[in-house]
Amino acid sequence: MSLRNYLDKIRPKFEEGGKLHAFKSVYDGFDSFLYVPSETSKSGASIHDAIDSKRIMSIVVIAVLPAMLFGMYNVGYQNAVYAGKLADATFWGMFFYGFLALLPNILVSYIVGLGIEFAWAQWKKEEIQEGYLVSGILIPLILPVTIPLWMLALAVAFSVIFAKEIFGGTGMNIFNPALVARAFLFFSYPSKMTGDISVWVSQKSICGLGFNVGQIPDGLTTATPLGQMAQGAAVPFNTDWVTGLIPGSVGETSVIAIAIGAVILLWCGIASWKTMLSVFVGGGVLGAIFNATGSLSLPWYDYLTLGGFAFGAVFMATDPVTSARTETGKWIYGFLIGAMAVIVRVLNAGYPEGMMLAILLGNMFAPLIDYCVVERNISKRANRLKNK
C-alpha cells in the first residue's frame, strides 16, 4: 500500500499543469503495469472481460518461461559438450552459465524496445501499450545466443518502429514484431543467423562459469540436424530432438518445454487450439505428400520436432493481433503456415528453417482469409433468405 500511496501522491505532478506533465504516459505506463487501473467507463456501451491486454501479455510471458528456462540450461549444456567438459559440468553450473549468456540479450531487447515505445508514446501523447512485454522476451528466444548485442539492438529498433509503431502500435500491426526482428537479422547478417555449430554454441567462459571452447573439432563443426536434412543427409531420429538437447535458437529446441507453454495458453483461453492444431496438420500433410512423391526421404514428423516449427506454432502463429480471427479462418491460416514451412524446408536447401517466412506469409494473408470467410457467410445467409 505504501507504493500505491506514493504513486497517488506524485500523480498531480504528471497531470496537465504539473511540472512533469510531459511524462504523463510514462507514469501511466508504470502505474497500469503495477496495478489494475481504477478508471471505469462513464458513458456508452461497454463490455468488460476478466482478460484484458495486460493479463494476456502476462500469461504469454508465463507460458514461454519453460522454453526460456530450458534454453538457458541448454546453452550451458552445449557449451560443455563442445568444450569436451560435460563430465566436469554440473546442472546448476550449466544453467547459470546459460542465464548469464542470455541475460544481456534480454536486457538489450527490453531496454531498446521499451525505450522506443516510451519515446514514441511521449511524442504522440498516447498511452504506453503492453505489447512489447511479449515481443521483448520472444526476440532473444528465437535468435542464436551468440548474436552480437549491437545487431540485436538494431533489429529490435527496426522491428518496433517499422513493424509496429508505424502501423499505429499494439493491436494495429500486420506482421509479428518478433519475427520481423529475426527476418531483419537473417537477411542483413546471415552469417550470424545460420551455419555451422559455431553460430549456435556460446564458446567463452562467463564470470568463471562455463568453458572456453576454443577450436571445435572438425568432426563436430557440422550444421544443426535441420541443416543436415536440408543438405540431403540421412539423419536418424534422436530423442534429443524432443527433449531439446541440441544446438539451436535458445527457446526453440525443446518440444516438451514448448508443449508445457501450449497447455498454459490453451488452459487460460489465450491461444486458439484451432490455429495451433492446424499448423501441425498442415505440416504433417505436406510432409506426407512429399514422402509419397519421393521428394522427402525422412518421416514427416521429423520436420515438426526440429527448428522453430513447434515454437512458431504455439507462440507465433497464435498471436491474436496478426493471425486470422474468424473460426473457419483459423483453420485455413494455420494450415497455410504449416504447409508453407515444410514446402520451404524441402524445396529450398539454402533456407532449412522455413517457419519464419511461413508465419510472415500467413500474417500477410490473414486479413484476406477473414474477409473471404465473412463474405462467404454473408452470401450463405443471403441465399437462405432468398430460398425461404
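The values are calculated or read from the model by the stated rules, or taken from the named source; none is laboratory data. Everything quoted here is computed from the prediction, not taken from an experiment. Methodologically, a virtual Cβ is constructed for each residue, glycine included, from the backbone with ideal geometry; neighbour enumeration extends over all protein chains shown. For the accessible areas, the whole protein counts, side chains as well, though only heavy atoms, and no ligand, DNA or RNA atoms are used. Shrake-Rupley method; radii C 1.70, N 1.55, O 1.52, S 1.80 Å.
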Test: residue 103 is free of Cβ contacts under 8 Å to residues at least 12 places away in the same chain, surrounded by fewer than 18 Cβ atoms within 10 Å (Cβ to Cβ) and within 20 Å of residue 192 (Cβ to Cβ)
yes
Among the residues of segment 78-102, which ones are polar (S, T, N, Q) and part of a helix (DSSP H, G or I)?
78, 79
Select from segment 141-156 the residues that are aliphatic (A, V, I, L, M) and open to solvent by 50 Å² or more (accessible area, probe 1.4 Å) and write down the one among them that is farthest from residue 99 (Cα to Cα).
154
Does any residue in segment 75-86 that is in contact (Cβ under 8 Å) with a residue 12 or more places away in the chain come within less than 6 Å, Cβ to Cβ, of a residue that is open to solvent by less than 10 Å² (accessible area, probe 1.4 Å) and among the small types (Gly, Ala, Ser) six or more places away or on a different chain, and which pairs are these?
75/98; 76/98
If I filter segment 277-296 down to residues being hydroxyl-bearing (Ser, Thr, Tyr) and more than 16 Å from residue 359 (Cβ to Cβ), which single residue comes out as farthest from the chain's Cα centre (by Cα)?
293
Pairs please, first residue from segment 372-383 and in contact (Cβ under 8 Å) with a residue 40 or more places away in the chain, second anywhere and of a type outside the set (Phe, Trp, Tyr) and assigned to a helix (DSSP H, G or I), Cβ atoms under 7 Å, 6+ apart in sequence or on different chains.
373/328; 373/329
Can you find a residue that is surrounded by fewer than 17 Cβ atoms within 10 Å (Cβ to Cβ) and either within 23 Å of residue 193 (Cα to Cα) or acidic (Asp, Glu) (or both) anywhere in segment 273-285?
no
Could you list all residues from segment 258-276 that are among the small types (Gly, Ala, Ser) and within 14 Å of the chain's Cα centre (by Cα)?
261, 262, 271
Of all the residues that make up segment 166-203, how many are within 19 Å of the chain's Cα centre (by Cα), assigned to a loop (DSSP other than H, G, I, E, B) and of a type in the set (Gly, Ala, Ser)?
2
Step by step: first the residues of segment 297-338, then only those that are under 29 Å from residue 245 (Cβ atoms) and over 18 Å from the mean Cα position of the chain (by Cα), then the one that is surrounded by the most Cβ atoms within 10 Å (Cβ to Cβ). Which residue is that?
303
Do we find a residue being free of Cβ contacts under 8 Å to residues at least 24 places away in the same chain, of a type in the set (A, V, I, L, M), touching a helix residue (DSSP H, G or I) at 6+ places or on another chain (Cβ under 6 Å) and open to solvent by less than 10 Å² (accessible area, probe 1.4 Å) anywhere in segment 157-165?
yes
Considering each residue of segment 339-359, count those that are open to solvent by 10 Å² or more (accessible area, probe 1.4 Å), of a type in the set (A, V, I, L, M) and more than 14 Å from residue 286 (Cα to Cα), and give that number.
2
Flagged pairs (Cβ under 7 angstrom, 6 or more apart or on separate chains; first in segment 134-155, in a helix (DSSP H, G or I); second of a type in the set (Ser, Thr, Tyr)) are 136/109; 136/110; 139/109; 140/109; 141/249; 151/189; 152/109
Every pair of residues 6+ apart whose Cβ atoms lie under 9 Å, when the first sits in segment 6-25 and is closer than 18 Å to residue 123 by Cα and polar (S, T, N, Q) while the second is in a helix (DSSP H, G or I) and open to solvent by 80 Å² or more (accessible area, probe 1.4 Å):
25/124
Options 110, 97; residue that is within 27 Å of residue 168 (Cβ to Cβ) and not polar (S, T, N, Q)
110
Working carefully through the options 226, 179, find the one that is within 28 Å of residue 300 (Cβ to Cβ), modelled with pLDDT of 80 or more and open to solvent by less than 50 Å² (accessible area, probe 1.4 Å).
179
